[in-house]
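None of the figures in this text is laboratory data; all of them are computed from the coordinates on show. If you're wondering where the values come from, they're calculated on a predicted model, not measured in any experiment. No Cβ is skipped: glycine too gets one built from the backbone with ideal geometry, and neighbour counts run over all protein chains shown.
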Amino acid sequence: MIVYSLACAKGHGFEGWFKDSAAFDAQAVDGKLVCPVCNSKKVSKAPMAPAVSGTKSKGAPSTDELRKMRQFMTGLRKYVEENAENVGRDFPEEARKIHYGETEERPIYGEASLEEAKDLIEEGVNVAPLPPDLDEAAN
Ligand SMILES: [Zn+2]
């Protein structure tokens, strides 16, 4: 069973118990959800639902959000590839050299294992993971 915070069109808030989210959808479509205060059938999940155990307060990101995220990540990767030097597997060494002033300071990108990345961060080297190439991964 899950509980949803519901509200009618007039703003009366109440709780509704459902077997699962599909049961809520089915009852909402059938007009079986009725406000106990004013009998309004315009009932929907309250937008500011308090976190109640069992509710899905954090839904999956919408298609639109995913598209924006994807655009952002593709753009970020493109920016890095166009503006930074690809040092490949030398990345941990080069990043360290730049950090300690042993070589010219410049934007670089490349490969590092999780362990190497962790070591760099522990040393205070400013590194950030580059988003995966989504277009490439999709192919
Ligand atoms: Zn009402």
Q) Considering amide H positions built from the backbone, and no H for Pro or chain starts, which residues 5 or more places from GLU15, or on another chain, come under 5 Å of its amide H? A) LEU6
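With r as the distance between the Cβ atoms of GLU65 and ALA26 and R0 = 30 Å, compute the FRET efficiency 1/(1 + (r/R0)^6) and round to 0.05. Working shown, then result.
Working: r = 26 Å, r/R0 = 0.87.
For R0 = 30 Å, the calculated efficiency reads 0.70.
Checking the table LYS19/LYS68; LYS97/LYS118; LYS19/LYS45 against a 22 Å threshold on Cα-Cα, which pairs fail? Mind showing how you got there, number by number?
On the way: LYS19/LYS68 34 Å; LYS97/LYS118 16 Å; LYS19/LYS45 15 Å.
Over 22 Å Cα-Cα: LYS19/LYS68.
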